[in-house]
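Contents: one structure, followed by commentary.
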Amino acid sequence: MNSEAQRSGAVAVIGRPNVGKSTLVNALVGAKISITSNRPQTTRHRLLGIASFPGGQLQLVDTPGIHGEQGKRSGKAMNRMMNRAARGALEGVDAAVLVVEAGRWDAEDGLAFEALRDAGLPVVLVVNQVDKVKDKGSLLPFIAKVSEGREFAAVHPLSALKRKGLESLVETLLGLVPEAPPMYAEDEITDKSQRFLAGELVREQLMRQLGEELPYATTVEIEKFEEEPSPKAGVMYRIDAVVWVERDGQKAIVIGKGGERLREIGSRARQQMERLFDAKVFLQTWVRVREGWSDNEAALRELGYHD
Ligand code: GDP
Ligand code: MG
């Protein structure tokens, strides 16, 4: 047993879309609970990643990126909902991690810092994606520049993807949360249900495998999620997933020639589910058309999107 007092607290993970917030949360938790892709707006929901360490527990609030007015779809219900979720992420947290991409500091990053500081939170700057920086010598001047006139509780250059530099970040964060017993059991890794995570893993494959515009017009609904005892593996899951699209043409694209694309989406999603649930998974997927869902808050709620 660790003789030092246990610490436990919530940490908001904030930053522009695509800087690696969800990748960082997954790396700290040690499992893929938050989906990632190289497209902005992959994360649509606020999600808690629970990371337990010998010194304590961090409840990491992963957020959709905060979207400015520049986004093409910025007026849409989906974006409004995502922005509300990002702001709500600051309630009840003990500290914030501001994630930026190494070598890049935008006006939006400055605004995010100010919002966090004004909320009275200690702000830890994570300079992510350092694996992509060839000239490591450029990192120090970059950090010096962005730290000018801004008081960060700490600055951590790291690579969330390669899981480099995480230990010292964990140490910093545990130092910023109060002495308290863990909020969740050690084996809990998220506040979301397996059913929700299953839907997200299908959506991740849509984001990763489909062309430019399509993914934003799709969502996933888990129609069936059944756990059964399995003689070999302990438990197994039977999961039916419906991919909702807006138009018939999009349906054809998701299904692909001879059903090839949908099969690939289903197969990759199933592999990810088996890894996350540590069990055998039987996954069936369908595509259905529902017009205009992404601009209709009521339809979004019905499909399980809440802020
Ligand atoms: P989010 O929108 O901030 O949550 O960003 P994601 O976690 O979804 O990551 C966006 C993209 O950046 C994905 O393709 C990740 O694989 C990639 N990425 C995240 N962290 C790193 C990193 O440390 N190094 C590199 N090279 N890529 C990263
Ligand atoms: Mg994300």
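Quick note: the coordinates plus some simple rules give every number you see, no bench work behind them. Quantities reported herein were computed from a predicted structural model and do not represent experimental measurements. Because the Cβ atoms are built from the backbone with ideal geometry, glycine has one as well, and the counts that use them run over all protein chains shown.
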> Remind me, relative contact order of the chain in percent, using alpha carbon pairs under 8 angstrom and six or more residues apart?
Replying inline: 19 percent
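Charges only on Cβ, +1 for Lys and Arg, -1 for Asp and Glu: so what's the dipole of the stretch 194-302 about the Cα centre, in debye to the nearest 20? Don't jump to the answer; show the numbers that get you there.
Details: 18 positive and 20 negative charges, 95 e Å.
Value, rounded to 20: 460 debye.
What is the magnitude of the charge dipole of the chain about its Cα centre, with +1 placed on the Cβ of each Lys and Arg, -1 on the Cβ of each Asp and Glu, and no other charges, expressed in debye to the nearest 20?
For this selection, approximately 1060 debye.
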> Gap in Å between the Cα centre of the stretch 189-215 and the Cα centre of the stretch 230-275?
Replying inline: 11 Å
>> For M236, what residues show an amide H to amide H distance below 5 Å, using hydrogens built from the backbone and excluding near sequence neighbours?
In response: E228, S230
> Given H placed 1.01 Å from N in the peptide plane, which residues other than close sequence neighbours of W286 have an amide H under 5 Å from its amide H?
Replying inline: A241, V242, V243
> Amide H neighbours of H156 under 5 Å, counting only residues 5+ apart in sequence or on other chains, H built in-plane at 1.01 Å?
Replying inline: L125, V126, V127
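Using mean Cβ contacts within 10 Å as the protection proxy, how do 17-23, 144-150 order, highest first? All intermediate terms of the calculation are to be shown ahead of the outcome.
On the way: 17-23: 22.7, 144-150: 11.1.
Ranked from most to least packed, the peptides come out as 17-23, 144-150.
Counting each DSSP H run of 4 or more residues in the chain as -39500 (n - 2.57), what helix-only mean residue ellipticity at 222 nm follows after dividing by all residues, to the nearest 500 deg cm²/dmol?
On the way: 9 runs with 101 residues, N = 307.
-10000 deg cm²/dmol, from helical runs alone.
Need one number: % antiparallel among DSSP beta bridges in the chain, to the nearest 5.
On the way: 21 of 52 bridges.
Counting only bridges with both partners in the chain, antiparallel ones make up about 40 percent.
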> Counting DSSP beta bridges with both partners in the stretch 7-176, what percentage is antiparallel, nearest 5?
Replying inline: 30 percent
> In the structure shown, do any of K164/K192; K192/K257; K132/K232; K21/K280; K192/K251; K132/K224 have a Cα-Cα gap over 32 Å, and if so which?
Replying inline: K192/K257; K132/K232; K132/K224
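Going by average Cβ neighbours within 10 Å, how do the peptides 221-228, 134-141, 28-35, 116-123 rank, with the highest at the top?
Details: 221-228: 13.8, 134-141: 10.0, 28-35: 21.5, 116-123: 16.4.
Result, highest mean Cβ count within 10 Å first: 28-35, 116-123, 221-228, 134-141.
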